[in-house]
Amino acid sequence: MAETRRDTTTAGPQPPFWRTAWPETDATDSDSLRRRNLAVRAGHLAMVFMVFVAAGGAPLVNPKDYTSAQLVGLAVATVVYVFWNIIGTTGVVRLVLWEQKEAPLASLRKPPCGVPVFFVVQLGLAALIYLLSDRGRIPNPAWLALLPPIAYAVFILEWRGIATVSVLMLAVLVWSSHPWHDWTYVGYAGLAFSFAILFTIVFSVLAVQAEKARGEVQRLAVELREANLRLREQAVQAEELSATRERNRIAREIHDSLGHFLTVANMQLEAARALARNDPAPADEAAGKAQAFIQEGLRDIRRSVASLRNAPLDNKPLTQALQELVSVNNSEKPTVELAVFGTPRNLPSPVELSLYRAAQEGLTNARRHAQAAQVRILLDFQAKKTVALSVRDDGIGAGSQPDPGGFGLHGLRERAQLLGGSMNIETAPNAGFTLQFEVPA
């Protein structure tokens, strides 16, 4: 469950005092956030208990040793000290309860009154409580009042500030103890308090590091969830795009293969009809050729449907497949010629298939529209990084050429673009038609 939180951690005005002193919890909070709420409450309760024990331990045991003014001053200083500590840690609490996906601002940990003001007042109140409560009594828990500033320094300050606050608290203890005890006692007391300082710093640092690690894990978890969501969206888009491309590919294959065979078969049937009455033998031959082309087209369609990829080359070299295409088409006008420039080389299957389809489309268009006497297919391997194929006819040109936006030519453009190549058309009235197809290979 994604962790959410009411506006206790967003940048802007500080939340009300009770929202940081005693964070609220409701049913929408996650288990992690509930535990942090509990930790903040327990921390504040522990601080309040420790300060009141430090300030009131000796007066409760020996109340007669204190004047009324001292007791009143000690009580007022203790209450102010408790509230000042809670108010000063508002920023720290906001960091602990931070629930946003971005990293929290470093300035949020600073007290609302400012770092210098907070620590000057806090150190002064701690020293006042210790001076009023200690007065040389043994045993005396008054030294506990000097520990909160050290713990808060770890949360708010850098190492120099932590060291400065620690030294000042140690100086307060030494300076307060010296009037009541000899230097031997003061030395032992200072050494013992040094261990208390070290203990407080170590555990506070561990708490800070744990909180930073939790915040980083939370931020990374949010980023991971968003990344997974983006990946799922991209996967859906990729699937849709792949399906669209596959539909277009199958449409191109059907057009390029079946369209070619049906065009030739149609021309043979027209010839058969024209010769049927006067010359039955050639008519029968033309009908047989038409039937052969139709059967070849059906076989080609079956191969496409069976494997979702057409393989008219059938593991034959491209030049051989083109030569067979030319031989088949030379049975009727226009005559077709194939010329190969450069040394043929092995090409990727998609490149060979696209070049073959370009030749097929050029021949189909020439037969349908060009009224040409001759068609020339040029296959050029001379460039090192590309292979070019052109289909040129000597027909009537643009006056009756197919719409350049027709499906066959549009399919060739898509093939070229998918392979990183290009397809161009050169034509003019009574100047023939040239289809140029070039792809990297």
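Which members of segment 328-348 meet the condition of being out of contact with any helix residue (DSSP H, G or I) (no Cβ under 9 Å at 6 or more places or on another chain) and modelled with pLDDT under 85?
Within segment 328-348, just ASN330 meets the criteria.
Right, VAL208: at pLDDT below 75 and loosely packed, with under 11 Cβ neighbours inside 10 Å or not?
Values: at pLDDT below 75: yes; loosely packed, with under 11 Cβ neighbours inside 10 Å: no.
No: the conditions fail for VAL208.
For segment 93-141, give me each residue that is surrounded by 21 or more Cβ atoms within 10 Å (Cβ to Cβ), hydrophobic (A, V, I, L, M, F, W, C) and modelled with pLDDT of 65 or more.
Matches in segment 93-141: VAL93, PHE118, PHE119, LEU125, ALA126, ALA127, ILE129, LEU132.
Go through segment 57-84 and report how many residues are out of contact with any Leu (no Cβ under 8 Å at 6 or more places or on another chain) and either assigned to a helix (DSSP H, G or I) or touching a residue at least 12 places away in the same chain (Cβ under 8 Å) (or both). Let's see the steps before the verdict.
The initial filter retains those residues of segment 57-84 that are out of contact with any Leu (no Cβ under 8 Å at 6 or more places or on another chain), namely 57-58, 60-62, 64-65, 67-69, 71-72, 75-76, 78-79, 82-83.
If we keep only those that are either assigned to a helix (DSSP H, G or I) or touching a residue at least 12 places away in the same chain (Cβ under 8 Å) (or both) as well, we get 57-58, 60-62, 64-65, 68-69, 71-72, 75-76, 78-79, 82-83.
Number satisfying all stated conditions: 17.
Would you confirm whether any residue within segment 359-368 is more than 49 Å from the chain's Cα centre (by Cα) and crowded, with 17+ Cβ neighbours inside 10 Å?
First pass over segment 359-368, keeping only residues more than 49 Å from the chain's Cα centre (by Cα): 366-368.
Subset that is crowded, with 17+ Cβ neighbours inside 10 Å: 366-367.
Within segment 359-368, one or more residues are more than 49 Å from the chain's Cα centre (by Cα) and crowded, with 17+ Cβ neighbours inside 10 Å.
Of SER194, SER176, which residue is among the hydroxyl-bearing types (Ser, Thr, Tyr), surrounded by 12 or more Cβ atoms within 10 Å (Cβ to Cβ) and over 54 Å from the mean Cα position of the chain (by Cα)? First the steps, then the outcome.
Values: SER194 fails: over 54 Å from the mean Cα position of the chain (by Cα).
One residue alone meets the criteria, SER176.
Search segment 343-355 for residues that are free of Cβ contacts under 8 Å to residues at least 60 places away in the same chain and outside the structural domain of GLY420 (by TED's automatic domain parsing) and pair each with any residue that is among the hydrophobic types (A, V, I, L, M, F, W, C) and buried (at least 17 other Cβ atoms within 10 Å of the Cβ) when their beta-carbon atoms are under 9 Å apart and the residues are at least 6 apart or on different chains.
Within 9 Å, no pair qualifies.
Assess whether LEU378 counts as being part of a strand (DSSP E or B) and surrounded by fewer than 20 Cβ atoms within 10 Å (Cβ to Cβ). Quick ask: steps written out before the conclusion?
Working: part of a strand (DSSP E or B): yes; surrounded by fewer than 20 Cβ atoms within 10 Å (Cβ to Cβ): yes.
Yes.
The values are calculated or read from the model by the stated rules, or taken from the named source; none is laboratory data. What you see is a predicted model, and the numbers here were worked out from it, not measured in a lab. In this analysis, Cβ positions are derived from the backbone assuming ideal geometry, glycine residues included, and neighbour counts consider all displayed protein chains.
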